[in-house]
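> Once you've had a glance at the structure underneath, I'll fire off some questions.
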(Lines give C-alpha, C1' and ligand atoms only; values in the text may rest on other atoms or scores of the structure.)
Protein backbone atom coordinates (compact mmCIF):
# COMPACT_ATOMS: atom_id res chain seq x y z
CA UNK A 1 0.00 0.00 0.00
CA UNK A 2 1.71 3.17 -1.23
CA UNK A 3 -1.18 5.64 -1.15
CA UNK A 4 -3.03 7.49 -3.91
CA UNK A 5 -0.59 10.41 -3.73
CA UNK A 6 2.23 8.07 -4.71
CA UNK A 7 0.45 6.87 -7.85
CA UNK A 8 -0.52 10.42 -8.73
CA UNK A 9 3.15 11.39 -8.50
CA UNK A 10 4.34 8.58 -10.78
CA UNK A 11 1.93 9.69 -13.52
CA UNK A 12 3.65 13.07 -13.73
CA UNK A 13 6.34 11.62 -15.99
CA UNK A 14 5.73 9.85 -19.24
CA UNK A 15 6.51 7.18 -20.15
CA UNK A 16 6.47 5.76 -16.67
CA UNK A 17 9.75 5.33 -14.84
CA UNK A 18 11.28 1.88 -15.01
CA UNK A 19 9.74 -0.46 -12.46
CA UNK A 20 6.45 1.44 -12.04
CA UNK A 21 4.25 -1.27 -13.54
CA UNK A 22 6.12 -3.95 -11.61
CA UNK A 23 5.46 -2.01 -8.41
CA UNK A 24 1.72 -2.11 -9.00
CA UNK A 25 1.82 -5.77 -9.99
CA UNK A 26 3.66 -6.59 -6.77
CA UNK A 27 1.09 -4.78 -4.62
CA UNK A 28 -0.83 -6.92 -2.11
CA UNK A 29 -4.25 -7.88 -3.48
CA UNK A 30 -3.33 -7.03 -7.08
CA UNK A 31 -4.57 -10.40 -8.35
CA UNK A 32 -7.63 -10.19 -6.11
CA UNK A 33 -8.43 -6.83 -7.69
CA UNK A 34 -8.08 -8.29 -11.20
CA UNK A 35 -10.39 -11.16 -10.31
CA UNK A 36 -12.96 -8.69 -9.00
CA UNK A 37 -12.81 -6.61 -12.19
CA UNK A 38 -13.29 -9.73 -14.32
CA UNK A 39 -16.25 -10.88 -12.22
CA UNK A 40 -17.80 -7.41 -12.33
CA UNK A 41 -17.52 -7.33 -16.12
CA UNK A 42 -19.26 -10.69 -16.39
CA UNK A 43 -22.03 -9.65 -14.00
CA UNK A 44 -22.57 -6.48 -15.97
CA UNK A 45 -22.98 -8.45 -19.16
CA UNK A 46 -25.74 -10.47 -17.52
CA UNK A 47 -27.47 -7.24 -16.44
CA UNK A 48 -27.28 -5.40 -19.79
CA UNK A 49 -26.05 -7.69 -22.57
CA UNK A 50 -26.84 -5.30 -25.44
CA UNK A 51 -24.80 -2.46 -24.00
CA UNK A 52 -22.06 -4.80 -22.81
CA UNK A 53 -21.75 -6.23 -26.32
CA UNK A 54 -21.26 -2.70 -27.63
CA UNK A 55 -18.62 -1.78 -25.08
CA UNK A 56 -16.80 -5.11 -25.27
CA UNK A 57 -16.07 -4.61 -28.95
CA UNK A 58 -12.76 -2.74 -28.87
CA UNK A 59 -13.54 -0.23 -31.63
CA UNK A 60 -16.97 0.53 -30.18
CA UNK A 61 -15.59 0.72 -26.66
CA UNK A 62 -13.05 3.30 -27.77
CA UNK A 63 -15.72 5.32 -29.53
CA UNK A 64 -18.10 5.19 -26.58
CA UNK A 65 -15.37 6.21 -24.17
CA UNK A 66 -14.17 9.06 -26.35
CA UNK A 67 -17.76 10.21 -26.86
CA UNK A 68 -18.00 10.63 -23.09
CA UNK A 69 -14.60 12.37 -23.06
CA UNK A 70 -15.58 14.84 -25.79
CA UNK A 71 -18.99 15.42 -24.22
CA UNK A 72 -17.30 16.29 -20.92
CA UNK A 73 -14.61 18.48 -22.42
CA UNK A 74 -15.95 20.91 -24.98
CA UNK A 75 -18.74 19.28 -26.94
CA UNK A 76 -19.53 16.12 -28.86
CA UNK A 77 -19.69 16.70 -32.61
CA UNK A 78 -19.03 14.43 -35.54
CA UNK A 79 -16.14 16.64 -36.64
CA UNK A 80 -14.45 16.35 -33.24
CA UNK A 81 -14.92 12.56 -33.18
CA UNK A 82 -13.54 12.21 -36.70
CA UNK A 83 -10.53 14.39 -35.94
CA UNK A 84 -9.75 12.56 -32.71
CA UNK A 85 -10.03 9.11 -34.27
CA UNK A 86 -7.94 10.15 -37.25
CA UNK A 87 -5.23 11.60 -35.01
CA UNK A 88 -5.05 8.41 -32.98
CA UNK A 89 -5.23 6.15 -36.01
CA UNK A 90 -8.17 4.13 -34.66
CA UNK A 91 -10.42 4.31 -37.66
CA UNK A 92 -11.21 6.18 -40.83
CA UNK A 93 -13.33 9.31 -40.73
CA UNK A 94 -16.08 7.41 -42.51
CA UNK A 95 -16.07 4.64 -39.92
CA UNK A 96 -16.34 7.22 -37.14
CA UNK A 97 -19.41 8.68 -38.83
CA UNK A 98 -20.97 5.23 -39.25
CA UNK A 99 -20.36 4.40 -35.64
CA UNK A 100 -21.95 7.64 -34.48
CA UNK A 101 -25.05 6.62 -36.43
CA UNK A 102 -24.93 3.22 -34.74
CA UNK A 103 -24.67 4.83 -31.30
CA UNK A 104 -27.73 6.92 -32.07
CA UNK A 105 -29.66 3.86 -33.25
CA UNK A 106 -28.85 2.09 -29.98
CA UNK A 107 -29.90 5.12 -27.96
CA UNK A 108 -26.48 5.87 -26.50
CA UNK A 109 -26.04 9.26 -28.18
CA UNK A 110 -28.69 11.86 -28.94
CA UNK A 111 -28.92 15.30 -30.47
CA UNK A 112 -28.41 17.98 -27.84
CA UNK A 113 -31.30 20.32 -27.13
CA UNK A 114 -29.12 23.38 -27.63
CA UNK A 115 -27.47 23.87 -31.03
CA UNK A 116 -25.28 27.00 -30.89
CA UNK A 117 -23.86 26.58 -34.42
CA UNK A 118 -25.99 25.34 -37.32
CA UNK A 119 -22.85 24.32 -39.20
CA UNK A 120 -21.92 21.68 -36.62
CA UNK A 121 -24.57 19.53 -34.95
CA UNK A 122 -23.89 18.93 -31.27
CA UNK A 123 -24.67 15.56 -29.69
CA UNK A 124 -24.71 14.42 -26.10
CA UNK A 125 -24.24 11.05 -24.48
CA UNK A 126 -27.34 9.47 -23.02
CA UNK A 127 -28.06 8.51 -19.46
CA UNK A 128 -27.88 4.84 -20.43
CA UNK A 129 -24.31 5.08 -21.71
CA UNK A 130 -23.24 7.15 -18.71
CA UNK A 131 -24.86 4.70 -16.32
CA UNK A 132 -23.17 1.57 -17.62
CA UNK A 133 -19.75 3.24 -17.84
CA UNK A 134 -20.21 4.59 -14.33
CA UNK A 135 -21.09 1.09 -13.15
CA UNK A 136 -17.93 -0.29 -14.76
CA UNK A 137 -15.83 2.39 -13.14
CA UNK A 138 -17.42 1.94 -9.72
CA UNK A 139 -16.48 -1.72 -9.94
CA UNK A 140 -12.94 -0.75 -10.89
CA UNK A 141 -12.64 1.70 -8.00
CA UNK A 142 -13.94 -0.97 -5.63
CA UNK A 143 -11.21 -3.27 -6.93
CA UNK A 144 -8.61 -0.50 -6.58
CA UNK A 145 -9.65 -0.02 -2.94
CA UNK A 146 -8.40 -3.56 -2.26
CA UNK A 147 -4.94 -2.23 -3.12
CA UNK A 148 -5.33 1.36 -1.92
CA UNK A 149 -8.11 1.65 0.71
CA UNK A 150 -8.19 5.44 0.23
CA UNK A 151 -9.90 4.87 -3.12
CA UNK A 152 -13.07 3.73 -1.33
CA UNK A 153 -13.78 7.38 -0.50
CA UNK A 154 -14.09 8.14 -4.22
CA UNK A 155 -16.97 5.69 -4.54
CA UNK A 156 -19.29 8.04 -2.63
CA UNK A 157 -18.70 11.02 -4.93
CA UNK A 158 -18.14 9.47 -8.36
CA UNK A 159 -21.82 9.31 -9.26
CA UNK A 160 -22.21 13.06 -8.85
CA UNK A 161 -22.70 14.43 -12.41
CA UNK A 162 -19.94 17.03 -12.12
CA UNK A 163 -17.52 14.47 -10.71
CA UNK A 164 -18.34 11.94 -13.42
CA UNK A 165 -17.73 14.53 -16.12
CA UNK A 166 -14.41 15.44 -14.53
CA UNK A 167 -13.43 11.79 -14.41
CA UNK A 168 -14.26 11.35 -18.10
CA UNK A 169 -12.24 14.43 -18.98
CA UNK A 170 -9.26 13.42 -16.87
CA UNK A 171 -9.28 9.81 -18.01
CA UNK A 172 -9.72 10.79 -21.64
CA UNK A 173 -6.75 13.12 -21.58
CA UNK A 174 -4.54 10.46 -20.07
CA UNK A 175 -5.95 7.79 -22.35
CA UNK A 176 -4.89 9.77 -25.41
CA UNK A 177 -1.39 10.42 -24.10
CA UNK A 178 -0.99 6.73 -23.28
CA UNK A 179 -1.53 5.77 -26.89
CA UNK A 180 1.32 8.04 -27.86
CA UNK A 181 3.73 7.12 -25.05
CA UNK A 182 3.41 3.39 -24.32
CA UNK A 183 3.43 0.16 -26.29
CA UNK A 184 0.07 -1.53 -26.59
CA UNK A 185 -0.53 -4.76 -24.66
CA UNK A 186 -0.89 -7.57 -27.22
CA UNK A 187 -4.55 -8.30 -26.54
CA UNK A 188 -5.92 -7.59 -30.02
CA UNK A 189 -6.05 -11.35 -30.58
CA UNK A 190 -9.15 -11.26 -28.38
CA UNK A 191 -10.42 -7.69 -28.63
CA UNK A 192 -10.74 -8.01 -32.41
CA UNK A 193 -13.33 -10.75 -31.90
CA UNK A 194 -16.86 -10.08 -30.74
CA UNK A 195 -16.92 -10.65 -26.96
CA UNK A 196 -13.43 -12.09 -27.13
CA UNK A 197 -12.39 -10.50 -23.85
CA UNK A 198 -15.55 -11.72 -22.11
CA UNK A 199 -14.51 -15.25 -23.05
CA UNK A 200 -11.08 -14.54 -21.56
CA UNK A 201 -12.61 -13.16 -18.34
CA UNK A 202 -14.80 -16.26 -18.10
CA UNK A 203 -11.75 -18.50 -18.36
CA UNK A 204 -9.82 -16.40 -15.83
CA UNK A 205 -12.43 -16.94 -13.10
CA UNK A 206 -13.22 -20.59 -13.91
CA UNK A 207 -10.30 -22.51 -12.40
CA UNK A 208 -11.62 -25.66 -10.68
CA UNK A 209 -9.49 -24.96 -7.61
CA UNK A 210 -10.39 -21.27 -7.49
CA UNK A 211 -6.83 -20.13 -8.28
CA UNK A 212 -6.26 -16.80 -9.98
CA UNK A 213 -4.74 -16.71 -12.43
CA UNK A 214 -5.67 -20.32 -13.22
CA UNK A 215 -2.73 -22.68 -12.98
CA UNK A 216 -3.91 -25.67 -15.01
CA UNK A 217 -6.50 -26.96 -17.48
CA UNK A 218 -9.96 -25.40 -17.18
CA UNK A 219 -12.94 -27.57 -18.13
CA UNK A 220 -14.89 -25.70 -20.81
CA UNK A 221 -17.98 -26.67 -22.81
CA UNK A 222 -18.01 -24.79 -26.11
CA UNK A 223 -21.76 -25.16 -26.49
CA UNK A 224 -22.44 -23.78 -23.01
CA UNK A 225 -20.18 -20.78 -23.60
CA UNK A 226 -21.89 -20.09 -26.91
CA UNK A 227 -25.35 -20.21 -25.31
CA UNK A 228 -24.29 -18.01 -22.40
CA UNK A 229 -23.12 -15.20 -24.67
CA UNK A 230 -25.47 -15.79 -27.62
CA UNK A 231 -22.56 -16.70 -29.86
CA UNK A 232 -22.15 -19.48 -32.36
CA UNK A 233 -19.99 -22.42 -31.38
CA UNK A 234 -17.84 -21.75 -34.42
CA UNK A 235 -17.19 -18.20 -33.18
CA UNK A 236 -16.02 -19.45 -29.77
CA UNK A 237 -13.79 -21.98 -31.50
CA UNK A 238 -12.33 -19.23 -33.72
CA UNK A 239 -11.46 -17.16 -30.66
CA UNK A 240 -9.72 -20.15 -29.07
CA UNK A 241 -7.83 -20.93 -32.28
CA UNK A 242 -6.69 -17.31 -32.48
CA UNK A 243 -5.55 -17.53 -28.86
CA UNK A 244 -3.57 -20.67 -29.66
CA UNK A 245 -1.90 -19.05 -32.67
CA UNK A 246 -0.93 -16.10 -30.48
CA UNK A 247 0.56 -18.36 -27.81
CA UNK A 248 -1.98 -17.21 -25.20
CA UNK A 249 -3.79 -20.48 -24.55
CA UNK A 250 -3.93 -24.17 -25.34
CA UNK A 251 -7.28 -25.72 -26.26
CA UNK A 252 -7.67 -29.48 -25.95
CA UNK A 253 -10.94 -30.12 -27.75
CA UNK A 254 -10.91 -33.84 -27.01
CA UNK A 255 -10.50 -33.31 -23.26
CA UNK A 256 -12.80 -30.27 -23.26
CA UNK A 257 -10.25 -28.02 -21.52
CA UNK A 258 -8.45 -24.74 -22.05
CA UNK A 259 -5.13 -23.88 -20.43
CA UNK A 260 -4.19 -20.22 -20.18
CA UNK A 261 -0.51 -19.53 -20.80
CA UNK A 262 1.96 -17.01 -19.29
CA UNK A 263 1.92 -14.56 -22.26
CA UNK A 264 -1.79 -13.96 -21.64
CA UNK A 265 -1.24 -13.30 -17.94
CA UNK A 266 1.60 -10.93 -18.80
CA UNK A 267 -0.55 -8.92 -21.23
CA UNK A 268 -3.51 -8.70 -18.85
CA UNK A 269 -1.37 -7.73 -15.87
CA UNK A 270 0.42 -5.07 -17.91
CA UNK A 271 -2.86 -3.61 -19.11
CA UNK A 272 -4.45 -3.50 -15.66
CA UNK A 273 -1.31 -2.12 -14.05
CA UNK A 274 -1.62 0.92 -16.30
CA UNK A 275 -5.35 1.07 -15.68
CA UNK A 276 -5.22 0.89 -11.89
CA UNK A 277 -2.36 3.36 -11.63
CA UNK A 278 -4.36 5.83 -13.73
CA UNK A 279 -7.51 5.31 -11.66
CA UNK A 280 -5.52 5.92 -8.50
CA UNK A 281 -4.19 9.19 -9.94
CA UNK A 282 -7.72 10.26 -10.94
CA UNK A 283 -9.08 9.40 -7.49
CA UNK A 284 -6.34 11.41 -5.81
CA UNK A 285 -7.04 14.42 -8.01
CA UNK A 286 -10.79 14.22 -7.40
CA UNK A 287 -10.44 13.86 -3.65
CA UNK A 288 -8.06 16.84 -3.69
CA UNK A 289 -10.06 18.84 -6.18
CA UNK A 290 -7.61 21.69 -6.55
CA UNK A 291 -5.17 19.27 -8.19
CA UNK A 292 -4.97 19.38 -11.97
CA UNK A 293 -4.54 16.05 -13.64
CA UNK A 294 -3.81 14.64 -17.05
CA UNK A 295 -2.79 11.12 -16.08
CA UNK A 296 -1.55 8.31 -18.20
CA UNK A 297 -4.41 5.86 -17.77
CA UNK A 298 -3.71 2.88 -19.97
CA UNK A 299 -2.68 1.94 -23.46
CA UNK A 300 -5.76 1.53 -25.63
CA UNK A 301 -6.55 -2.08 -26.41
CA UNK A 302 -6.88 -2.55 -30.14
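> Scanning the range 29-62 for residues that are within 20 Å of residue 138 (Cα to Cα) and in a loop (DSSP other than H, G, I, E, B), which turns out modelled with the highest pLDDT?
Looking at residues that are within 20 Å of residue 138 (Cα to Cα) and in a loop (DSSP other than H, G, I, E, B), I get 29.
> Another question, then. So if I check each of 277, 293, which one is under 30 Å from residue 170 (Cα atoms), at pLDDT below 95, in contact with a helix residue (DSSP H, G or I) (Cβ under 9 Å, 6 or more places away or on another chain) and not in a helix (DSSP H, G or I)? Even if it seems obvious, please write down each step before you answer.
Values: 277 fails: not in a helix (DSSP H, G or I).
Every option except 293 fails the conditions.
> Give me the residue from the range 63-82 that is surrounded by fewer than 17 Cβ atoms within 10 Å (Cβ to Cβ) and within 19 Å of residue 174 (Cβ to Cβ) and, out of that set, modelled with the highest pLDDT. First the steps, then the outcome.
Initially, the range 63-82 is screened for residues surrounded by fewer than 17 Cβ atoms within 10 Å (Cβ to Cβ), giving 73-75, 78-79.
Pick out the ones that are also within 19 Å of residue 174 (Cβ to Cβ) and you get 73-74.
Values: 73: 81, 74: 78.
Step by step, filter the range 63-82, then rank; the result is 73.
> Out of 165, 119, 102, 130, I need the residue that is over 23 Å from residue 39 (Cβ atoms) and surrounded by 15 or more Cβ atoms within 10 Å (Cβ to Cβ). Which one? Spell out how you get there, then give the answer.
Details: 119 fails: surrounded by 15 or more Cβ atoms within 10 Å (Cβ to Cβ); 102 fails: surrounded by 15 or more Cβ atoms within 10 Å (Cβ to Cβ); 130 fails: over 23 Å from residue 39 (Cβ atoms).
Only one candidate passes the filter, namely 165.
> Exactly one of (1) part of a loop (DSSP other than H, G, I, E, B); (2) modelled with pLDDT under 90; (3) surrounded by 16 or more Cβ atoms within 10 Å (Cβ to Cβ) is unmet by residue 286. Its number?
All conditions pass for residue 286, except number (1).
> Shifting gears a bit: Evaluate the following for residue 217: is it surrounded by 15 or more Cβ atoms within 10 Å (Cβ to Cβ), touching a residue at least 24 places away in the same chain (Cβ under 8 Å), over 23 Å from the mean Cα position of the chain (by Cα) and closer than 28 Å to residue 26 by Cβ?
Values: surrounded by 15 or more Cβ atoms within 10 Å (Cβ to Cβ): yes; touching a residue at least 24 places away in the same chain (Cβ under 8 Å): yes; over 23 Å from the mean Cα position of the chain (by Cα): yes; closer than 28 Å to residue 26 by Cβ: yes.
Yes.
> Please find, among 236, 258, 200, 205, the residue that is touching a helix residue (DSSP H, G or I) at 6+ places or on another chain (Cβ under 8 Å) and either more than 18 Å from residue 45 (Cα to Cα) or exposed (fewer than 13 other Cβ atoms within 10 Å of the Cβ) (or both). First the steps, then the outcome.
Details: 236 fails: either more than 18 Å from residue 45 (Cα to Cα) or exposed (fewer than 13 other Cβ atoms within 10 Å of the Cβ) (or both); 200 fails: either more than 18 Å from residue 45 (Cα to Cα) or exposed (fewer than 13 other Cβ atoms within 10 Å of the Cβ) (or both); 205 fails: either more than 18 Å from residue 45 (Cα to Cα) or exposed (fewer than 13 other Cβ atoms within 10 Å of the Cβ) (or both).
Result of the check over 236, 258, 200, 205: 258.
The values are calculated or read from the model by the stated rules, or taken from the named source; none is laboratory data. In this text the structure is predicted, and so the values were computed from the model without any measurement. Backbone-built Cβ (ideal geometry, glycine too); neighbour counts: all protein chains shown.
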